[in-house]
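A short worksheet on the structure shown next.
The values are calculated or read from the model by the stated rules, or taken from the named source; none is laboratory data. Because the structure is a prediction, the values reported are computed rather than measured. Positions of Cβ are generated from backbone atoms using ideal geometry, with glycine treated the same way; all protein chains shown enter the neighbour counts. Note: areas computed on protein heavy atoms with side chains; ligands, DNA, RNA excluded. Shrake-Rupley method; radii C 1.70, N 1.55, O 1.52, S 1.80 Å.
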Amino acid sequence: MQFTQTPPDYAPFGAPLRYAFSDTEPARTFDVQVYDYGVGDVIGARRMFESQGGQIDIAPFLRHRLRFQPAVAPTGFYDAPDRSLIVDVVADGVRSPIRTLLPRREAVEAPALLSSMPVKRLIARGECDELTLLTSQSCVASVSWFCNGETSSRNFTSTDSGLRLFRLNMNEFPDAERISVLFDRFVQVSWEVVESRPDGCRVAWRSDAGAVEHYDFPVVREERLETVDRMIRNVWGEPAAETRAVRVLNLLSAYETVDTLRALAGMLHAPQVWIVDPENGYQPVVVASNSAGIRRHGSLCNLEVELHCPVA
């Protein structure tokens with residue numbers, strides 16, 4: 001048995017990931033297993049009946065495997081162990097090359113910034129943003145900030161290649177008016193620094209680009225408390241009702257460009273969404289909205305979204 005087709009490193013598993021294999025031996029029944037190489041677990045399997053080969057799309061086995069764990073941290077580069085899967089496939093005892101695969105929809109080539117948001121953004125004082133990079137070699141990030149008519153800079157270096165995170169913590173730049181990060185001249189992201197909005201809400205979500213995106217909703221249009229009942233069974237197997245409280249937030253974005261609104265609309269189907277709290281970090285929430293207006297001829301548009309937050 002030999003593999004005749006395998007995906008390249010950093011292929012997206014939001015699209016099909018086909019492995020093909022064949023043999024010159026007589027037709028027979030054999031098994032194909034998909035392994036999470038990082039932990040050694042079998043995460044998918046298929047049996048081929050009376051065959052000399054075949055193919056398998058492993059993407060469906062991977063799409064619900066990852067759980068991102070974003071964090072507030074000092075400025076600099078970080079490893080990204082929770083942002084990709086390392087897998088291999090075994091067909092009739094023959095092992096394929098090991099591949100690192102990304103939770104995104106489209107293929108990407110290094111070096112690249114993985115993001116659905118524009119490269120010009122807003123950030124409030126004291127907040128932290130996160131950028132996801134795919135690099136082919138060591139990478140230098142040059143952080144420049146403007147304050148009181150003067151520009152200062154500081155460099156950060158990652159000696160590792162592959163998938164990397166870069167976090168920008170504004171607590172380290174308390175007086176900055178503008179700030180930017182240039183990565184080895186292949187991409188630059190810049191932020192206008194604004195005062196924090198006490199009536200707003202910062203939200204983060206997993207985008208189709210395979211990154212954690214952030215946005216500050218300037219307005220909490222409504223906040224209410226609801227109770228939700230559901231039927232369960234108690235320890236004796238008898239039907240019982242469980243009541244839990246849910247904090248409901250109705251958020252309204254600023255008037256944004258179409259590209260920004262499209263990126264924001266991605267949180268409606270994102271597998272993970274969080275409210276970013278300065279004291280408690282990233283708190284998981286559920287998006288209750290199922291539609292978002294992006295464009296209307298002749299008028300400015302913003303996005304309204306409803307979040308359900310569990311109450312302890």
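May I ask you to list the residues in region 280-290 that are open to solvent by 80 Å² or more (accessible area, probe 1.4 Å) and either modelled with pLDDT under 80 or in a strand (DSSP E or B) (or both)?
Going residue by residue through region 280-290, those that are open to solvent by 80 Å² or more (accessible area, probe 1.4 Å) are 280, 284, 286, 290.
Selection gives 284, 286, 290.
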Review point. Among (1) open to solvent by 60 Å² or more (accessible area, probe 1.4 Å); (2) under 14 Å from residue 11 (Cβ atoms), where does residue 154 come up short?
Key: (2)
Point to revise | Condition met for residue 154 (among the basic types (Lys, Arg), part of a strand (DSSP E or B), under 22 Å from the mean Cα position of the chain (by Cα) and at pLDDT 95 or above) | key: no
Check your understanding: Quick check: is even one residue across region 34-47 touching a strand residue (DSSP E or B) at 6+ places or on another chain (Cβ under 6 Å), open to solvent by less than 60 Å² (accessible area, probe 1.4 Å), on the phi < 0 side of the Ramachandran plot and hydroxyl-bearing (Ser, Thr, Tyr)?
Key -> yes
Review point. What are the residue pairs meeting all of these: first residue in region 266-285, first residue touching a residue at least 12 places away in the same chain (Cβ under 8 Å), second residue part of a strand (DSSP E or B) and small (Gly, Ala, Ser), Cβ atoms under 9 Å, and 6 or more apart or on different chains?
Key: 267/204; 272/204; 273/204; 274/204; 274/281; 275/204; 276/204; 282/204
Review point. Taking only pairs six or more apart or across chains, which ones have beta-carbon atoms under 9 Å, a first residue in region 6-17 that is among the acidic types (Asp, Glu), and a second residue that is outside any loop (DSSP other than H, G, I, E, B)?
Key: 9/99; 9/100; 9/101; 9/162
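Against the definition (more than 24 Å from residue 254 (Cα to Cα) and part of a loop (DSSP other than H, G, I, E, B)), how does residue 105 come out, yes or no?
Details: more than 24 Å from residue 254 (Cα to Cα): yes; part of a loop (DSSP other than H, G, I, E, B): yes.
In short, yes.
Restricting attention to region 21-54, which residues are under 22 Å from residue 65 (Cβ atoms), of a type outside the set (Val, Ile, Thr) and out of contact with any helix residue (DSSP H, G or I) (no Cβ under 7 Å at 6 or more places or on another chain)? I'd like the intermediate steps shown before the answer.
Residues of region 21-54 that are under 22 Å from residue 65 (Cβ atoms), as a first pass: 31-47.
If we keep only those that are of a type outside the set (Val, Ile, Thr) too, we end up with 31, 33, 35-38, 40-41, 44-47.
31, 33, 35, 36, 37, 38, 40, 41, 45, 46, 47, listed by residue number.
I need a count of the residues in region 86-100 that are part of a strand (DSSP E or B), open to solvent by 10 Å² or more (accessible area, probe 1.4 Å) and closer than 13 Å to residue 20 by Cα.
Of the residues in region 86-100, 3 are part of a strand (DSSP E or B), open to solvent by 10 Å² or more (accessible area, probe 1.4 Å) and closer than 13 Å to residue 20 by Cα.
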Review point. Taking into account only those residues within region 197-235 that are outside any strand (DSSP E or B) and modelled with pLDDT under 65, which is most open to solvent (accessible area, probe 1.4 Å)?
Key: 235
Review point. Residues 12, 70: which one is under 23 Å from the mean Cα position of the chain (by Cα), open to solvent by less than 70 Å² (accessible area, probe 1.4 Å) and more than 15 Å from residue 101 (Cα to Cα)?
Key: 70
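The rows are residues; the columns are (1) assigned to a loop (DSSP other than H, G, I, E, B); (2) touching a residue at least 12 places away in the same chain (Cβ under 8 Å).
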| site | (1), (2) |
| --- | --- |
| 39 | yes, no |
| 55 | no, yes |
| 68 | yes, yes |
| 71 | yes, yes |
| 80 | yes, yes |
Review point. Do the conditions hold for residue 125, that is, is it more than 30 Å from residue 57 (Cα to Cα) and either touching a residue at least 24 places away in the same chain (Cβ under 8 Å) or of a type outside the set (A, V, I, L, M) (or both)?
Key: yes
Revision key, fill the gap. Among (1) open to solvent by less than 30 Å² (accessible area, probe 1.4 Å); (2) on the phi < 0 side of the Ramachandran plot, residue 162 falls short only on (2)
